[in-house]
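Notes for the one structure printed next.
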Amino acid sequence: MGGIIPGGREEAMIFSSLIFVFLFLPVVLIVYHLVPARVKNLIILLASLIFYAWGEPVYVILILIMTAFCYVMGLDIEKHKGTPSAGYSLIEAVVVNLLILGFFKYYGFLIDTINGIFRLSIPIKTLAQPLGLSFYTFRAIAYLVDVFRGKTKAEHNIINFGTFLAMFPQLLCGPIDRYEDLSSQLTDRTVTRAGFGYGVELFLIGLAKKVLLADSIGKLYSAFVSMANESLSAVMAWLGILAFTFQIYYDFSGYSDMAIGLAGMFGFKIKKNFDYPYISKSITEFWRRWHISLGSWFRDYVYIPLGGNRVSAGRHILNILIVWALTGLWHGAAWTYIFWGLFYGLMLIFEKYVLMRIPLHPPAAVKMIYTMFFVMIGWVFFQSSSLPAAFSTLSVMFGGSHLFFGTDAAYYLRTYLLPLIICVLAATPWPYRLFRKLESRKPPAAAAAVGVLTIISTAFMVYDTYQTFFYVKF
Amino acid sequence: MKIKTDKNSISTRKKNRRRFHQILSAFFLTLLVLFALLFVILPDKKFSDIENRNLATLPSLKLRTIADGRFESDFTNYVSDQFPFRTFFVQMKTLTDRLMGKDCENGVYAGSDGYLIEETTVPSAESQDHLISAIRTFHDTHTDIPQYFLLAPNAVSILKDKLPKDAPVKDQNTCMDEFFSKLQDTGITAVDVRGTLSEEKDSGIFYKTDHHWTTRGAFLSFETLASAMGLDATSYEYSFLPVSTNFSGTLSAKSGLNASEKDTIEIAIPKKNNTPATDYIVEYIEEKEKTTVFYNTDKLKTRDQYGIFLNGNHAEIRIRTTSSNSEKLLILKDSYANSLIPYLAPYYREIFIVDPRYCYEDVETLMKTEGINEVLYLYNANTLFADSDLVSYLGSS
Amino acid sequence: MIMKILKIVFPALLAVFLFLLLTADSVKDINIEQLKEEYTSDESTASMTKGSDLMLKRFFGIDAQDLNGYIYERSSSLMNVNELLILKTADETSAGSYERNCEKRLSVLRADFTGYGSDQLTVIDNAVIEVKGNYLFYAASPSAERWEELFREAVKKP
């Protein structure tokens, strides 16, 4: 798992690449701030299409047709509001979106199944996955449903609509922001110095999280992955999963920070997507803090339409399981993801129906340890290539290995001690609070600190490319 | 009164935060524009000395290459290859890693006493079996020709006490033992130099910054090899002459670690009392070049200073000597052999050297036309265990 | 009215797009001997010689009898990595599976020449592997692009 971008290709212009930071971004920023207000959205849209086309231009056609289609459907739903016709249009629009998503995400799986049932041998053509498809179809569905529900008006300007749906900061990895939050900003926004500065700060912090923390601790995770389960000590297995726990958090939240920061540089205000999930005191709280935009999407467009919690207990439990199986499936077409989702569904049911009723009030630290324990168990499934592999890792973690503590664990614990400590600290709000204090007392020192972090991040980005090529063998 | 100061400090704080964001924005924009400009203005570099490869150049813009993504990936390579201050950033990254407690980059460990030690390459059972069977088949077609296999250990085996504590490398000795045991019934004489090298492990038998053995390491191994091949190693004496003191080798380049550490390269000069003195003609076949020495001192001016031995790697080299012996030796080898071959040369009328990685000639034709009557395989363990070219070469006929 | 049409037009366009995406690679059946003629008469292959079944096996691990024909030209010089390989296979899946053989070939060459032959390395890094229908095209050469053009022209459906 090199990154969280689903189906990520190496040519894709990710935010933490030299080409994005040092070429694409300065050019877009300069052009954006030079042109008159009325064409600013057009510039963002064009930049987004170039960004999207990088590496796989053919899918620009897909995103253009999808955008035009959703635009038309939005208008149509609004026009027929209150009549059955609006309902039919909504169904058509949602079905088309889901079909496209399903086609690309589950195409291989589908052909396999068809071949199996009808004893055919339709060759599976390997199609590259369009980047960010899961994110923009979800954004589109939310928009269409909201128009139908009358929560928001339809967007009548197609440039603005395209900007909303395909804006490059959120295009590849979210957040899955809502049209109702952005509609007024699309027509009227100003880039204030403070807003721009805040965007820069978020972007640079996000960049550092991604390249300094996620990628570094990711090396420890890869070391763990390359070890055979038989030779693994229990401590090493825990260390590996801990490394993954941090890698995915800093990778994903760093990327979200960068997205929100970038949007801020263009005057958009977007809600945060992560809120220190690893300090949660329960699994329920964890999911209020982890990938917030996805959780709220499933709540608003699946869970509540199913009846939410205003139903019988049995039905409620079923609703939770449906939502979480789908959440798992959204992350990828594999049983490990579905299992991971269901695992969370069960945990939430357990907390709601069992834990909440026990009149026990352990200290916060105990609750946090409880939460992180199960979050890490969840990641075991998430990162495994198959369910048996996940269970085999679990068995090593829980004493199935002949070795509790080996030289492998000793070595990696020693060489990764400092990175691990930093990862733990940076997952809590304290360092950020301290930094806020520094900002308000000694602005130049605070800016210098971020500056140094940025130069080091650049060094890591440069080294990354050096490494890919450099491979001496005589 | 109290409320007033609070208000004041709140507004100061706000002002300070605004100042912070202004400074940061200015820094960020300057950085972006500066690097974008530097990137455009600075002339493209053609070659990276440290990596020993051509750097990517600006790809030409074509509709088709854009459509299939090739332009994009070429352009991405171009940007990273030509990024301003690239080497500086690479060193900065490894320095940061060191400060964070990391002692391994790209499979190279920063050992004690300044030694860089490359991790063990573990062979796959399948490729090892292929190799053994190819060697066996080759031996069976030439049973009358004595054949030797010198498998040299790497620093990871001999200098393993210099590795960082608990370093998770596989035991190279186990891999080598396994290889030697498989070699046993092939009829080939295995030459194991680990004992000799281990005894002398503190006398600088491996470079600190490079994955090769030193001239001394090669000489010690030669002595063991000579006794296995029935040669009298005592008939020639050498003095060692340093020719470079600023050698920064492959491991240093590969890892970016210990950038300031430098090695000394020596060459072996036959002592005057060697009788009879032997003359050589070293012929680089593909390049159609001939010299009378084993060393190319021009290479000392390049990054690849180990190339001083036999002018670096070549597909085929023929060495003709004035030796009174009539034996003709074929050496199938990697670059470890380059610094050992000078010691072997005086014992043969002709040595034909093949590097199977670059040579696609037919081995059987070669055996016939050159009239080979002895064969030596000379590899270091890490290279051999990752190699697939020797199998292809032996199986080519 | 327009709205009603558009509501159908866009899904139809999507369907067409997906259909084209799935069939974009379809190729016409070509005579491999004829194509070989075209390459060997081209001056860019002047210093190259024909590679044998044995060489195909040795360097790519591909058995010639599994194929419906192939073109294999390699440089006659030892220290030159220039190669051209075009395979015609029975179906698309096997053409795709040979892609891995070519990648392996490149990674072996890359390991051999890294830190050693910088010009060869440039050729290796710019090598082209392309699967079109039941054909596989592999080229490592400064003229790789030109050869690719010839190949694409040859298999293109009229």
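The values are calculated or read from the model by the stated rules, or taken from the named source; none is laboratory data. Everything quoted here is computed from the prediction, not taken from an experiment. Glycine also receives a Cβ, built like all others from the backbone with ideal geometry; neighbour counts cover every protein chain displayed. What goes into the accessible areas is simple: the full protein's heavy atoms, side chains included, and nothing from ligands, DNA or RNA. Shrake-Rupley method; radii C 1.70, N 1.55, O 1.52, S 1.80 Å.
Projected onto planes of every orientation and averaged, the convex hull of the alpha-carbon atoms in segment B:187-273 covers 7.3 nm². Just to confirm the number: angle between the C-alpha axis of helix B:2-41 and the first principal axis of chain B, 0 to 90 degrees, nearest 10? Roughly 40 degrees, rounded to the nearest 10. The average projected area of segment A:205-265, computed from the convex hull of its Cα atoms over all directions, is 3.8 nm².
With helices defined as uninterrupted DSSP H runs, which ones in chain C have an alpha carbon span along their own long axis of at least 30 Å and mean Kyte-Doolittle hydropathy of at least -0.5?
C:2-23
Using a 1.4 angstrom probe on protein heavy atoms only, the contact between A and C buries about 2100 square angstrom of accessible area, both sides summed. For segment B:260-364, the list of trypsin sites (Lys or Arg not before Pro) that fall in a loop by DSSP and count at most 14 other C-beta atoms within 10 angstrom reads B:K271, B:K272, B:K288. Using Cα-only point scatterers and the Debye equation, what is log10 of I(q)/I(0) for the protein assembly as shown at each q in 0.05, 0.06, 0.07 Å⁻¹, rounded to two decimals? These q points yield log10 I(q)/I(0) values of -0.38, -0.55, -0.74.
Around the amide H of B:E327, modelled in the peptide plane, lie the amide H atoms of B:R349, all under 5 Å away and 5 or more residues distant in sequence or on another chain. Relative to the longest principal axis of the Cα atoms of chain B, helix B:215-229 runs at roughly 30 degrees.
By the equivalent-ellipsoid construction on the alpha carbon gyration tensor, segment C:30-71 comes out with semi-axes of 20, 14, 6 Å, ordered largest to smallest. Protection proxy ranking for B:71-77, C:20-26, using the average of other Cβ atoms within 10 Å per residue and placing the highest first: B:71-77, C:20-26. Rolling a 1.4 angstrom probe over the protein heavy atoms with all chains in place gives segment B:271-370 an accessible area of 40 Å² per residue. Summed over the residues of segment B:65-190 and divided among them, the accessible surface reaches 41 Å² per residue at a probe radius of 1.4 Å.
Report, in order of residue number, the helices in chain A meeting two criteria: a C-alpha extent of 30 Å or more along the helix axis, and a mean Kyte-Doolittle hydropathy of at least 0.0; treat each whole DSSP H run as one helix. Membrane-span-like by this rule: A:58-79, A:84-118, A:234-265, A:443-469. Probing with 1.4 Å while keeping every protein chain in the model, the per residue accessible area of segment C:1-135 equals 48 Å².
Taking only protein heavy atoms and a 1.4 Å probe, the accessible area of segment A:368-474 is 75% carbon and sulfur.
Under the definition of Cα pairs under 8 Å and six or more residues apart, what whole-number percent is the relative contact order of chain A?
Value for chain A: 17 percent.
Taken along the Cα-to-beta-carbon direction at a fixed 7 Å, the label points for A:I111 and B:S239 span 7.3 nm.
Kindly provide log₁₀ I(q)/I(0) values, in the same order as q = 0.13, 0.23, 0.24 Å⁻¹, from the Debye equation applied to equal alpha-carbon scatterers of segment C:1-109. Computed log10 I(q)/I(0) values: -0.62, -1.33, -1.38. Take every DSSP beta bridge with both residues inside the protein assembly as shown and express the antiparallel ones as a percent of the total, to the nearest 5. Here the share of antiparallel DSSP bridges comes out near 70 percent. Residues of segment A:409-432 that bury at least 10 Å² of accessible area once all protein chains are present, compared with their chain alone (1.4 Å probe, heavy atoms only, ligands and nucleic acids left out), are A:A410, A:Y411, A:Y412, A:R414, A:T415, A:Y416, A:L418, A:P419, A:I422.
Here, chain A yields an orientationally averaged convex hull projection of 27.7 nm² when only Cα atoms define the hull. Take the accessible area of B alone and of C alone, subtract that of the pair with a 1.4 Å probe, and the total buried over both chains is about 2300 Å². Inter-label distance, C:S76 to B:T291: 2.9 nm, where each label sits 7 Å from its Cα along the C-beta direction. Of the three principal axes defined by the Cα atoms of chain B, the extents in descending order read 105, 54, 46 Å.
Entry for segment B:1-159 at q = 0.15 Å⁻¹: log10 I(q)/I(0) = -1.08, Debye formula applied to identical alpha-carbon scatterers, no solvent contribution. In terms of the mean number of neighbouring beta-carbon atoms within 10 Å, the peptides A:293-301, C:9-17, A:70-78 order highest first as A:70-78, A:293-301, C:9-17.
For segment A:327-431, a/c is not less than 1.5, where a ≥ b ≥ c are the root eigenvalues of the C-alpha gyration tensor, and a/b does not top b/c. That puts it in the oblate class.
Other protein chain C-beta atoms within 10 Å of residue C-beta, averaged over B:245-256: 2.
In this assembly, the B-A interface accounts for approximately 5800 Å² of buried accessible surface in total, computed with a 1.4 Å probe and without ligands, DNA or RNA. For segment B:196-283, lysine pairs with C-alpha atoms less than 25 angstrom apart, excluding pairs fewer than eight positions apart on the same chain, total 6.
Quick check for you: which residues of segment C:46-69 have the amide N under 13 Å from the point 7 Å beyond the Cα of C:K28 toward its beta carbon? Within reach of a label on C:K28: no residues.
On full extension of the chain, what length is gained from A:I91 through A:S222, given 0.36 nm per residue of separation minus the C-alpha to C-alpha distance? Kindly include the intermediate steps, with their values, before the conclusion.
On the way: separation 131, 0.36 × 131 = 47.16 nm, distance 4.39 nm.
Contour length minus Cα-Cα distance gives 42.8 nm.
In segment B:75-91, the residues that give up 30 Å² or more of accessible area when the other protein chains are added, compared with the chain on its own (1.4 Å probe), are B:F75, B:T76, B:V79, B:S80, B:F83, B:R86, B:F89, B:V90. Quick one: with all protein chains in place, what share of the accessible area of segment C:27-111 is carbon or sulfur, to the nearest percent (1.4 Å probe)? Heavy-atom surface of segment C:27-111 belonging to carbon and sulfur, 1.4 Å probe: 45 percent. Applying 1/(1 + (r/R0)^6) with R0 = 30 Å to the Cβ-Cβ distance of A:A194 and A:K151, what FRET efficiency is obtained, to the nearest 0.05? E between A:A194 and A:K151, to the nearest 0.05, is 0.50.
Rounded, prolate or oblate: which fits segment A:277-371 when a ≥ b ≥ c are the square roots of the eigenvalues of the alpha-carbon gyration tensor, with rounded for a/c under 1.5 and prolate only if a/b beats b/c?
In terms of gyration-tensor shape, oblate.
Rg/Rh, computed from the Cα trace of segment B:323-397 with Rh as the Kirkwood radius, has the value 0.97.
Sequentially through segment B:312-326, phi angles give Karplus couplings (6.51, -1.76, 1.60; θ = phi - 60°) of x, 8, 9, 4, 9, 9, 10, 10, 9, 10, 9, 4, 7, 5, 10 Hz, Gly and Pro residues having no value and appearing as x.
Residues in segment C:60-65 carry Karplus couplings, in order, of 10, x, 10, 8, 4, 6 Hz; the curve used is 6.51 cos²θ - 1.76 cosθ + 1.60 with θ = phi - 60°, and Gly or Pro positions show x. Packing around the peptides B:228-239, B:159-170, taken as the average count of other Cβ atoms within 10 Å per residue, puts them in this order, highest first: B:159-170, B:228-239. For segment B:266-330, averaging the sequence separation of C-alpha pairs within contact (under 8 Å, six or more residues apart) and dividing by the residue count gives a relative contact order of 34 percent.
Based on alpha carbons, the Rg and Dmax found for segment A:31-90 are 16.0, 47 Å. Heavy-atom surface analysis with a 1.4 Å probe gives segment B:103-175 a carbon and sulfur content of 50 percent of its accessible area. Normalised radius of gyration (Cα atoms, divided by 2.2 N^0.38 Å) for segment B:233-351: 1.15.
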